[in-house]
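> The structure under discussion is supplied below as structure tokens; questions concerning it will follow.
Coordinate-derived values only; no laboratory data. Note that the coordinates shown come from a computational prediction; the quantities given were computed from them, not determined experimentally. Neighbour counts are summed over all protein chains in view; Cβ atoms, including those assigned to glycine, are modelled from backbone coordinates with ideal geometry.
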Amino acid sequence: MMRFLEIFSNGDSQSLRISQKEIPKPNDDDVLIKVEYVGVNRIDILQKKGLYNSEKEDNDVLGVEVSGTIVNMGSKAYLYNPTLKEGMKVCALLSGGGYAEYVTANSSLCFKIEENFLTMEEAACMPEALFTIWKNLIMIGDMSLGSSILIHGGSSGIGTMAIKVANLFNAKPIIVTAGNDKKCSACIGIGADYAINYKKEDFVKKVMEMTNGEGVDIVLDMVGGEYLRKNISCLKYKGKIINIAFLDGAKSEIVIPEIMKKEAIITGSYLKSSPIDEKCSIACDLRSKLWPFINKGLLKPVIDSVYDFEKVEQAHERMENSMHIGKIVLSF
């Protein structure tokens, strides 16, 4: 048996409680991981509240990224990822199930951890952010040398990692928005060229000033709502707006001629519901293009805080109140 965090109804709301169930068995192409740390993501909170329409095949246990030790392997797991073996420390991207002492993961979505360069706490923060950034900034955004970029939520887990990856690709300038001066200073320290406190300043006006009136090539937006209209104003000709969340609302009113005038591309993606073949392809790119930087100690996440799994509601509260800078982690 293993412990896990179960969603249960608590009157008008839903919470998490410790429960027990059988340890899962890996399928042929899976590995079984004894979990040490879990990365906390907003999708966990949405799913807990019943606000995320998960696919039928998704695990009903929260948690989409973990670090831990492989304790068992499916009969074909080695064929899909020859780097793996039992007893190896790994991190993994999941479709769910990470808030537990054991979890199965597709072997192709596992990454060997060199603990000289990445702690297990740090490793649990990598999969969701790196997959999200690679899919959206590289595959969709075509970010490259000299690409100008605006990252909303710059102090979030994805935002802080996006700043670091954008620097590896020599994007310039890297502009972020954040909700207070402390967060803005942190983003500059991480590697952003400019940070805008959106509660004090008009970010559209500041972006245009910072780019000499040209605007940016890419906007990475997790805010949604009325930001979409403002993001169009921040774009260069033929620029791209890439939506990865909608914390301020799923609807927005926009002026179509403004899109036409700039030949703007407005798109977005859900990582969790992406086809497994696409995730495996991204994993291959991450191993060859980004993991070398990780194994040289040149790419690490920013960790805000680590909570024991029994204090998961405190961790969720910290994220919901946007008190964090970087990633929040649960310890098992």
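> Taking only DSSP H segments of four or more residues, each worth -39500 (n - 2.57), what value at 222 nm results for the chain once the sum is divided by all its residues, to the nearest 500 deg cm²/dmol? Write out the running numbers ahead of the final one.
Details: 12 runs with 91 residues, N = 332.
Rounded to the nearest 500, it is -7000 deg cm²/dmol.
> DSSP loop trypsin sites (Lys or Arg not before Pro) in region 282-315 with at most 10 other Cβ atoms within 10 Å of their Cβ, which ones? Working shown, then result.
Values: sites: 287, 289, 296, 311; in loops: 296.
Filter output for region 282-315: 296.
> Test of understanding: ordering 104, 267 by Cβ neighbours within 10 Å, fewest first, what list do you get?
Values: 104 21, 267 11.
With the fewest neighbours first, 104, 267 line up as 267, 104.
> What length, rounded to one decimal in nm, is gained on full extension from residue 180 through to residue 21, with 0.36 nm per residue of separation minus their alpha-carbon distance? List each step's numbers first, then the result.
Details: separation 159, 0.36 × 159 = 57.24 nm, distance 4.28 nm.
Full extension from residue 180 to residue 21 adds 53.0 nm.
> Using a 10 Å cut-off around each Cβ, can you sort 125, 284, 184 from fewest to most neighbouring Cβ atoms? Walk me through the numbers before you get to the answer.
Working: 125 31, 284 11, 184 23.
Exposure proxy ranking, most exposed first: 284, 184, 125.
> Now, a different point. Hey, fewest Cβ within 10 Å first, where do 132, 211, 177 land in order?
211, 132, 177
> Another one. With Rg and the Kirkwood Rh both taken from Cα atoms, where does Rg over Rh land for region 73-133?
Working: Rg = 11.6 Å, Rh = 12.3 Å.
That ratio is 0.94, to two decimals.
> What ranking, highest mean first, results for peptides 85-91, 325-331, 42-48 when packing means the other Cβ atoms within 10 Å averaged over each residue? Write down the numbers at each step before the final one.
Numbers: 85-91: 16.6, 325-331: 23.4, 42-48: 20.3.
Packing proxy ranking, top to bottom: 325-331, 42-48, 85-91.
> Over the C-alpha atoms of region 151-290, what are the Rg and the largest Cα-to-Cα span, Dmax, in Å?
Cα-based Rg and Dmax for region 151-290 come out at 15.3, 44 Å.
> Where Lys and Arg each count +1 and Asp and Glu each count -1, what net charge lies around residue 202 among other residues with Cβ under 15 Å from its Cβ? Please list the in-between numbers first.
Details: positive: 199, 200, 205, 206, 229, 230; negative: 201, 209, 226.
Computed value for this residue: +3.
> If you wrap a convex hull around the Cα atoms of region 64-206, how much volume per residue is inside, in Å³? Write down the numbers at each step before the final one.
Numbers: hull volume 19.4 nm³, N = 143.
Roughly 135 Å³ of hull volume per residue.
> Shifting gears a bit: Hey, which lysines would be in cross-link range of residue 289, C-alpha to C-alpha under 24 Å, not counting anything within fewer than 8 residues on its own chain?
The qualifying lysines are 85, 89, 112, 135, 164, 172, 240, 272, 279, 300, 327.
> Of the residues 120, 161, 210, which exhibits the maximal mean-square fluctuation in a Gaussian network model of the chain defined by a 10 Å Cα contact cut-off?
The residue that fluctuates most here is 210.
> Then there's this: Which residue fluctuates most in the GNM of the chain (Cα springs below 10 Å): 251, 238, 300?
It is 251.
> Between residue 317 and residue 258, what is 0.36 nm times their sequence separation minus the Cα-Cα distance? Round to one decimal in nm. Write out the running numbers ahead of the final one.
Numbers: separation 59, 0.36 × 59 = 21.24 nm, distance 3.85 nm.
Gain on extension, residue 317 to residue 258, equals 17.4 nm.
> Taking N as the number of residues in region 1-89, what is its alpha-carbon radius of gyration divided by 2.2 N^0.38 Å? Please list the in-between numbers first.
Numbers: Rg = 15.1 Å, N = 89, 2.2 N^0.38 = 12.1 Å.
Rounded to two decimals, the normalised Rg is 1.25.
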